[in-house]
Amino acid sequence: MKQVNTIIAALFLAALAFMLALVLFGARDIGGAILNGWRAQEDTAGATLLDKAAYVTDNSESAVNDALDRPHLFIQIYGGVQRLTGQRLVEDSTADTSVTKLENGMLTFCGLDSAYIDPTGNAEKTAEFAAQLQKAGIPFLAAVAPGKVENTAEELPRALHDWGNEIADDYLTVLAEEGVETLDLRGAFDAREDRDAFFFRTDHHWKPEGALFACGVLMENLAERYDFPVNEAALQEENYDKTVYSDYFLGSQGKRVGSLYAGTDDFSVYTPRFDTAFTYEIPERDMVRTGMFNEALCFEERIEERDWFNGNPYTYYSGGDWAKATITNEKNPDGPKIVLIRDSFSCALTPFLALQCSELTTIDLRYYQGDLRSELEEENPDLVLLLYTASSTRLENMFAFS
């Protein structure tokens, strides 16, 4: 034990020494920022010495931070030390941003103060919204997608608990009691021996592989419930060319602890081998994209270069979290017209689901500002599909139905 403590202390001191070296290396930049800040205040009428000092402090802070993190070396070293010392919990300011390593080596957001949040209010809002749509003759289905954590007791360190699955269970129970149609996608994932392969190691989202699998499970259910046609070929991975970018993605959890803590992720790009043609409209960006699957629905610039800390290849698929976007499938005019109320998991799902639709409209209630009920009644879709992940059921602003 004494030897272990000595090693840990040595590593800590080495990290402090390295940080000091970074500051000294950046002393010129820091000094320049301080001098420029002071000069900027010299001619300010009525500026006291305290005013000048406060101004200099505020305007030199970014230079100090840059010196400590060139480029993100502080995060990298800190994460590396945490890995060497066997730490499975890297605490942050909140439980939602604290990073924990699961038994399988994957990362998740979970901290010591993670707490159960009663989803009853969210479920009641959902049920009320579903009843309103039913009066307008519009079918509604509330679906829950799996998060990365399957079994908290087996995967997390002791004293930690991820409440996502319990919250999702209770949310679905209330909806069922209210007579709302529901679909739980978690069972299909949990039945797979390769379940972990469907999720990123360093990010909270599923991989494109997981999104394609989820689309297949979803369409099987929609065909059974609503007699929707299914494009089976578009659900088979062998009908796509798959390009894998190795060590290309450092996800939302990995960015907080660096690549040395748990590694990085590969990123897969799917290109259909069959004919496709789409029109993709994103009003908030005044953007209309047309062309084949990868031209219209995928954003090539998101994977142009590997940038672990500033890039986000995950948004290659569908571009990101838009308030509202509409995809018209020119090759499938007889497919269903679906409105998808979504969270960020649907970035990767959206292009694959669009292959099954004549028109797919996605709405993210975190950003949407319109009159949702009136707009849906005007569009009169064949289905309004709510798809949130297990952990999303705690987010009040994702249930802001109007």
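The values are calculated or read from the model by the stated rules, or taken from the named source; none is laboratory data. The model shown is predicted, which means the values in this text are computed figures rather than measured ones. Don't worry about glycine lacking a Cβ; one is built from the backbone with ideal geometry, like all the others, and counts go over all protein chains shown. These accessible areas exclude ligands, DNA and RNA; they are computed on the full protein's heavy atoms, side chains included. Shrake-Rupley method; radii C 1.70, N 1.55, O 1.52, S 1.80 Å.
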Restricting attention to segment 330-348, the residues that are surrounded by 20 or more Cβ atoms within 10 Å (Cβ to Cβ) and not aliphatic (A, V, I, L, M) number exactly 8
Pairs returned, first residue in segment 284-306 that is free of Cβ contacts under 8 Å to residues at least 40 places away in the same chain and under 17 Å from C357 (Cα atoms), second residue that is crowded, with 18+ Cβ neighbours inside 10 Å and among the polar types (S, T, N, Q), beta-carbon separation under 6 angstrom, 6 or more apart or interchain, are M292/T276
Filter segment 383-401 for residues that are within 13 Å of S344 (Cβ to Cβ) and part of a strand (DSSP E or B); the one that is farthest from the chain's Cα centre (by Cα) is L387
(message) Suppose the filter is free of Cβ contacts under 8 Å to residues at least 60 places away in the same chain and in a helix (DSSP H, G or I); does T350 pass it?
(response) yes
Among (1) among the small types (G, A, S); (2) farther than 14 Å from P313 by Cα; (3) touching a strand residue (DSSP E or B) at 6+ places or on another chain (Cβ under 9 Å), G251 falls short only on (2)
Here the residues within segment 95-145 that are over 24 Å from the mean Cα position of the chain (by Cα), in a loop (DSSP other than H, G, I, E, B) and surrounded by 19 or more Cβ atoms within 10 Å (Cβ to Cβ) are I138
Pairing a residue in segment 228-256 that is within 30 Å of F74 (Cα to Cα) and modelled with pLDDT of 95 or more with any residue that is open to solvent by 60 Å² or more (accessible area, probe 1.4 Å) and part of a strand (DSSP E or B), where Cβ atoms lie under 7 Å and the two sit 6 or more apart in sequence or on different chains, gives V244/D266; Y245/D266; S246/D266; D247/D266; Y248/D266
Scanning segment 270-292 for residues that are assigned to a strand (DSSP E or B) and in contact with a Lys or Arg (Cβ under 7 Å, 6 or more places away or on another chain), the one surrounded by the fewest Cβ atoms within 10 Å (Cβ to Cβ) turns out to be Y270
Exactly one of E375, E379 is open to solvent by 10 Å² or more (accessible area, probe 1.4 Å) and free of Cβ contacts under 8 Å to residues at least 24 places away in the same chain, and that residue is E375
(Q) Please verify whether I167 is assigned to a helix (DSSP H, G or I) and open to solvent by less than 10 Å² (accessible area, probe 1.4 Å), treating the condition exactly as stated. (A) yes
* To do: Could you tell me whether any residue of segment 353-365 is open to solvent by 40 Å² or more (accessible area, probe 1.4 Å) and not small (G, A, S)?
  => yes
